[in-house]
Structures are given as C-alpha cells and as structure tokens.
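One structure below.
The values are calculated or read from the model by the stated rules, or taken from the named source; none is laboratory data. The model shown is predicted, which means the values in this text are computed figures rather than measured ones. Cβ: placed from backbone, ideal geometry, glycine included. Neighbour counts: every protein chain shown. These accessible areas exclude ligands, DNA and RNA; they are computed on the full protein's heavy atoms, side chains included. Shrake-Rupley method; radii C 1.70, N 1.55, O 1.52, S 1.80 Å.
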Amino acid sequence: MTTTRKPLIVITGASSGIGQATARLLSRRGHPLLLLARRLEPMLALNLPDTLAVSVDVTQRAALLDAVAQAEQQFGPVDAIINNAGVMLLGDITRQDPSEWDQMLDINVRGLLNGILAVARGMVERKHGTIINVSSVAGRKTFSNHVAYVGTKFAVTGLSENLREELAPHNVRVITIEPGAVETELLSHTTDETIKTGYHAWKQDMGGVVLSADDVANAIDYAYGQPQGVCIREIVLAATRQQA
Ligand code: NDP
C-alpha cells in the first residue's frame, strides 16, 4: 500500500501561543512542518514528527528564505504558510519609545512580507497554495494605546486583501485571520505596566475568559481544510463577551 504524504506547511512564530497550537494541530493532521521563531527550544520541545524547527528572526530575509529552501529540499514544495509571528508593544503614543514602533513594523509587517516572498512565486508557478496571514481585530478597528500596533495590523489586513486579489487568478488562496484577545504571551512584551494592568482589567470585564490559542488554531485549520477552490477570505473571531 502506498501512502501519499501531506504537503509541507510553514508556521512563523511557532515557539508559543497561536503558532505553537497551530503546529500541534496541523501535525496531527499529518503535515510535515517548518517551524520558525527566534527561540528554538520550545519548538524542539513539541517533538513533532516530520518537522524541521529553525531559529529564524523573520526580519532576517535571507535566513527565512534559506530555511524555507532547506525544508522544501526535505519535504517538497510548501503548500501553505501561516504568517503568524508578531509582537504587540502597547503604548501612549506621546510617550512610547519609537524604537518599539520600529520593532512592530519590522516584525509584524516586513517580517510577514518576507514570509510571502519565500513562497508566493513557487505557489503561482504550481497554481496551488495558501497564504494565511494572522492580523487582528486591531486590523479592523482601533483601541486605546494601540496606535502603532493598530497601524501594523491594518497594514496586514490591507496588504492581505490586495495579495488575495493578485494571487486569485493563479489559484492561490490568501486568508486573513483576525482574532480578538487570546490568552498567550503577547501582552507580556509591552513595557508600560499601567497599560498592562488596564488590559488585564479589560479581560476581567469580559468574565476573564478570552479565546485560547487552540480556538484560533481551529479557525486556521478550518479555513485551510476547505477544498483549494474555496477561499475563506477572512475570519474575525473573538470571545463572545468581547464587546469591542
Ligand atoms: P505570542 O507572544 O505567544 O507568540 C508570538 C510568536 O511570534 C512567538 O512564537 C515569537 O517567537 C514569534 N516572534 C516574535 N518576534 C519574532 C521575530 N522577530 N522572528 C520570528 N518570530 C518572532 O503571541 P500570540 O500567539 O498571541 O501571537 C501570534 C500572532 O497573533 C501575532 O501576530 C499577534 O499579533 C496575533 N494576535 C494575537 C492576539 C492575542 O490577543 N494574543 C490577538 C490578535 C492577534 P520568538 O519570541 O521565539 O521569536
């Protein structure tokens, strides 16, 4: 009996949160994976079969392209990339250190474009493939102390829709995932303690129950799992009690 191996999926930001949950789920579905993030240990600790984990900073274009080429040598062409790596450094725009804006723009926008660069041409040539970009509800509406972060996520939502239009004639899908608050490490990198406290209070206001990383992984899996001829263009999901 011959078994056909499922195609390769690349996941950026796979060392924690949504990326890690998605890696577990898509591995259970039988896909070989390329996992990328700066921290290698948590990706190796997942101990997933047919998985290459590489320490890559998504802002380092050449390193990202090299890792994808290496994985394709091992597992064949990439069928999907989940551009998920991101940081959220909330701040009062009049006081925030502008280096935090640079960091978010570099990782959330340029890093995501690097992920697109690594796969788009091959997908167009093969007339097959899926690019899944993780934006946010903050890519559709505004929140206090979110100015620079909202800027990066509106960029992701906007460029993803444009990309979808450009790649549609080539049978390549582009899917935008826009979660509300999810329980992950994301907030921990914000340096302003007052804003962090306020964010925790906001979560308590909605009953202390926000989305889990698995909830978002399930949405990604659902969208990717449709036939290639069906493109779920956008999924906006949030805890039922999240009002904003
Ligand atoms: P986590 O902080 O748990 O995960 C972020 C991931 O991104 C980590 O694996 C981190 O790995 C990786 N990452 C950060 N910077 C880089 C970099 N320069 N190069 C490579 N990888 C990097 O947060 P989430 O799982 O919540 O975040 C995932 C995505 O979901 C982000 O794009 C975020 O904006 C989005 N999102 C999250 C929401 C939430 O409430 N949590 C809501 C809406 C959207 P490492 O540090 O090892 O490099």
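Using the average count of surrounding beta-carbon atoms within 10 Å as a protection proxy, the listed peptides 157-163, 5-11, 117-123, 89-95 rank, highest first, as 5-11, 117-123, 157-163, 89-95. The lysines whose alpha-carbon is closer than 21 Å to the alpha-carbon of LYS196, local same-chain residues fewer than 8 away aside, are LYS141, LYS153.
Taking the Cα centre of the range 115-222 as reference, the dipole from Cβ charges on Lys and Arg (+1) and Asp and Glu (-1) amounts to some 380 debye. Quick check: at a probe of 1.4 Å, how many percent of the accessible area of the range 129-212 sits on carbon and sulfur atoms? Of the solvent-accessible surface of the range 129-212, carbon and sulfur hold 54 percent. Phi angles across the range 8-16 convert, under the Karplus curve 6.51 cos²θ - 1.76 cosθ + 1.60 with θ = phi - 60°, into 3J(HN,Hα) values of 5, 10, 9, 10, 9, x, 8, 8, 6 Hz, Gly and Pro given as x. Around GLN96, what is the net charge, scoring Lys/Arg as +1 and Asp/Glu as -1 over all other residues with Cβ under 15 Å from its Cβ? Surrounding charge for GLN96 is -4. Backbone geometry of the range 82-89 corresponds, through the Karplus equation with coefficients 6.51, -1.76 and 1.60 at θ = phi - 60°, to 3J(HN,Hα) couplings of 10, 7, 10, 4, x, 10, 10, 10 Hz, x marking Gly and Pro. Evaluated with a Cβ-only charge set (Lys, Arg +1; Asp, Glu -1), the chain carries a dipole of roughly 640 debye about its Cα centre, given to the nearest 20. Shown for the range 8-237 is the translational diffusion coefficient from the Stokes-Einstein equation, using the Kirkwood radius over Cα pairs, a temperature of 37 °C and a viscosity of 0.692 mPa s: 185 µm²/s. Amide hydrogen proximity for VAL56: with H placed 1.01 Å from N in the peptide plane, the residues at 5 or more positions away or on another chain lying under 5 Å are ALA37, ARG38. Think of a 1.4 Å ball rolled over the protein heavy atoms: the chain then has 48 Å² of accessible area per residue.
Can you send over the carbon and sulfur percentage of the accessible area for the range 3-62, probe radius 1.4 Å, protein chains only?
Summing carbon and sulfur atoms, their accessible area is 46 percent of the total for the range 3-62.
Peptides 234-241, 147-154 ranked from most to least packed give 147-154, 234-241, packing being the mean of other C-beta atoms within 10 angstrom over each peptide's residues.
Under 5 Å between amide hydrogens, built in the peptide plane, is the criterion, and for VAL174 it picks out ILE131 among residues at least 5 positions away or on other chains. Note on the chain: helix-only mean residue ellipticity at 222 nm, from DSSP H runs of 4+ residues weighted -39500 (n - 2.57) and normalised by residue number, equals -13000 deg cm²/dmol.
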